[in-house]
Structures are given as structure tokens and as C-alpha cells.
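Notes for the one structure printed next.
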């Protein structure tokens, strides 16, 4: 039986400075994996693009990071940081629209992460130096569809007002689990 999908929410506040408040760890997938890759953006950056490679299961996932000005304007993103295995014959990648960051990754998972089906982006909003990410304001969808047909739906979604700042990949031959860290 492969229907193992869980979401764990762990509050781990490390600092209260804007842009560096890590608020939640959320995970999809059930396998332990023998290796771990931590795809972290810098403290002033957020995930703005995702690349995925897979076949019957997800083999690797990558993130692209960018910083934002105090007025919510996104600076040019850097290259992709990729974690996971070397296999997979199908690839897909997408980037959030202008002045947006990734707020959610949609998966299907069991013992392994079977498929990445997309994600959501949120626009940076706010005033007086305080900014939130809001998927309901001019947000866009990430068009990704890589992997197999198994697994149960499992969404990696940040709390309202936060965006993804890091993705952790546990893997062996395939990706066993994907976790995200969200921040304001």
C-alpha cells in the first residue's frame, strides 16, 4: 500500500526580523531516503522558480531564488539549485510572474513523491516596510506536470502572508520526501 501522505506543521521561529522569519516546515512523502539536499535561498530571498525531473517518480527538484525591494519589486533571479537523484527522462520548469514568489507546491505522494503537478505564486504586498505574500492578489499558477500517476494529493502550502524560502529533498533512487520552509 503506497497511500502514505502526511503534512507536519512545526513552528520554528528563529528570529523576528522582516524577511528572515521562518515560520513553518511542511512535508509530503513517506520514505526516509539515504541523502538530503537543502535548497535554501539566502535570508533576503524567496523561491521564485521551480524545475523538476522525473519518470515514474520524481527524481530531482530545483529552486530559483530572488530578493525583493522594500516596495515589493522582485530583483532578477539567480540560477537553479537542484537536489535529488540523477535519473528521470521528463523535465519541467516554470517561474512566478513579475514581483511574485512561490507560496505552494502541489504534489502526489506515497512512499515516494510520485508527481509534481504545479504550484501557486503570491504577489508581495504591504506598506511601511511590512510585506506579505498574497496568493489572492494577482497570483499566478506554476505550470508543472512531471512524474508518475500514483500517490495521493499532498499540497505544500505556506500560511497566508508567507512564501517558500527553502526546499529540502530526501532521496535515494527517487525523491522520498519534499519539505518546505516558509517565511515572511
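No value in this document is a laboratory result; all are computed from the given coordinates. On a predicted model such as this, the values are computed, not experimentally measured, just so you know. No Cβ is skipped: glycine too gets one built from the backbone with ideal geometry, and neighbour counts run over all protein chains shown.
Extension gain, residue 149 to residue 35, is 38.6 nm, computed as 0.36 nm per intervening residue step minus the present C-alpha separation. As a length-normalised measure over Cα pairs under 8 Å and 6 or more apart, the relative contact order of the stretch 22-183 settles at 33 percent. FRET efficiency for the pair residue 44 and residue 160, taken as 1/(1 + (r/R0)^6) with r the Cβ-Cβ distance and R0 = 30 Å, rounds to 0.90. Taking other C-beta atoms within 10 Å as the exposure proxy, 57, 46 rank 57, 46 from fewest upward. A Förster distance of 35 Å, applied to the separation of the beta-carbon atoms of residue 125 and residue 90, puts the FRET efficiency at 0.50.
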